[in-house]
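All remarks here apply to the structure that follows.
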Amino acid sequence: MATTFNEAETVELLGKLANTASPSGYTMDIMKFISGLLKELGVQFKQTNKGALIATIQGKNDERHRLLTAHVDTLGAIVKDIKPSGRLKLSMIGGFNWNAVEGEYCTIHTASGKKVRGTILMHETSVHVYKKAGELPRNDEHIEVRVDEKVFNAEDTRAVGIEVGDFVSFDPRFEVTETGFVKSRHLDDKASTALMLQLLKTLKKENIELPYTTHFYISNNEEIGYGGNASIPDQVVEYIAVDMGAIGDGQATDEYTVSICAKDSSGPYHYELTHQLVALAKANNIDYKLDIYPYYGSDASAAIRAGYDVRHALFGAGIESSHAYERTHIDSLRNTAALLLAYVTSTMIDE
């Protein structure tokens, strides 16, 4: 069985995903890119009405299925208003703090297809003009987009092609350091997506036969709460969300191991399935951490809330500074890839 982690290919793919804008609600381009990859691999897949992709690998047992999901949608914003100055007022897509994107470059995606560049700033940014600039709240009333066009009023901005409802994506600033760190916005959850796509490539290239028919669900609405809670085949027994591990004070998760979640804000994950993942990590010498994420939900928990009768679990790479300028290490990607392969080639907990 192939166990070699192709670092160069994984990082290259992750970079392509990170640099393809995909805020929730505006994921057409990245889904087209992933569809092309799946076609190249010769993997059977379908697209849901909501725009998600579900690739399927037939296994020895076609009566009981597994499903793994990663989401490719990201945080972003949408134009709420065009101010009299010609600058833009924003409405958030997903949950983050405005200070996490203050000063970031962005792209406004107009309905005509034109892309306009801009910068996300406080209205009162200049310390030479606004004495208390650093004390003002970072909120919808003060944050705006400075458009990189010669505009003086709202009419000028509309003449450029910008209108209320246009999507705004944040520059990812993808970078890989010589010390093995991967830094970028939207590693949540494009790191997992890259690993799942690489796993599919490994399964096809090495002609690995899986014990159960397995579905690989690339969801596109997770950041707004309902990415993977529909179109789940009736035969699915086990549902794994491959998503980021949360790092911070009181957390066991780090940037070098695979993080296995025992509980998040939705409640505990399936006990036996979670501990099967722990057992697989131990048996395969995979560095892991077992953890609880206090302010977190996943596509797996969304599926449970939707009423699906499945065993659900969650694991993924440890991501530092989630929903901001994120970072992980190649070691965490490697350990997550190893657990993915170990899981899909293992038997179910009741066999």
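Read-outs: derived from the displayed coordinates by stated rules, not from any lab. Quick caveat, the model's predicted, so the values are computed rather than measured. Cβ atoms come from the backbone with ideal geometry, glycine included; neighbour counts cover every protein chain shown.
Quick rundown of the values:
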quantity: Residue-wise HN-Hα coupling along segment 100-105, computed from phi with Karplus coefficients 6.51, -1.76, 1.60 (Hz; x: Gly, Pro); calculated: 5, 10, 4, x, 7, 6
quantity: Under Karplus coefficients 6.51, -1.76 and 1.60, residue-wise ³J(HN,Hα) of segment 290-300 in Hz, glycine/proline x; calculated: 9, 8, 10, 10, x, 10, 7, x, 9, 5, 5
quantity: Size of electric dipole in segment 75-132: Cβ of Lys, Arg +1 and of Asp, Glu -1, about Cα centre, debye, nearest 20; calculated: 200
quantity: Estimated FRET transfer efficiency when R0 is 45 angstrom, pair ARG64-GLU135 (beta carbons, to 0.05); calculated: 0.15
quantity: Space enclosed by the convex hull of the alpha-carbon atoms of segment 250-351, per residue, Å³; calculated: 99
quantity: Ranked LEU277, LEU314, criterion: other C-beta atoms within 10 Å, fewest first; calculated: LEU277, LEU314
quantity: Stretch gain in nm, segment GLN235-ARG305, where the contour uses 0.36 nm per residue and the Cα spacing is subtracted; calculated: 23.4 nm
quantity: LYS114 paired with ASP148, simple spin-label distance in nm, labels 7 Å along Cα-to-beta-carbon; calculated: 1.5
quantity: In sequence order, calculated HN-Hα J values of segment 83-99 (Karplus, 6.51, -1.76, 1.60; Hz; x Gly/Pro); calculated: 6, x, 6, x, 7, 10, 9, 10, 10, 5, 10, x, x, 7, 9, 4, 5
quantity: Furthest towards positive pole of dipole, PHE216, ASN153, ILE108, structure part the chain, Cβ charges; calculated: ASN153
quantity: GNM top mover of GLU238, GLU222, GLU135 - the chain, alpha-carbon springs below 10 Å; calculated: GLU135
quantity: Share, in percent, of DSSP beta bridges within the chain that are antiparallel, nearest 5; calculated: 65
quantity: For PRO137, net neighbour charge (Lys/Arg +1, Asp/Glu -1) across residues whose Cβ lies under 14 Å away; calculated: -4
quantity: Most fluctuating residue given options HIS128, HIS109, HIS65, as computed from a GNM of the chain linking Cα atoms under 10 Å; calculated: HIS128
quantity: Total formal charge among the other residues, if their Cβ is under 13 angstrom from that of GLU272, Lys/Arg +1 and Asp/Glu -1; calculated: -2
quantity: Cα-centre dipole for segment 76-170 with unit charges at Cβ (Lys and Arg positive, Asp and Glu negative), debye to 20; calculated: 120
quantity: Fewest-first sequence of TYR217, TYR296, TYR343 by Cβ atoms within 10 Å of each Cβ; calculated: TYR296, TYR343, TYR217
quantity: Neighbour-count order for THR125, THR214, THR253, fewest beta carbons within 10 angstrom listed first; calculated: THR125, THR214, THR253
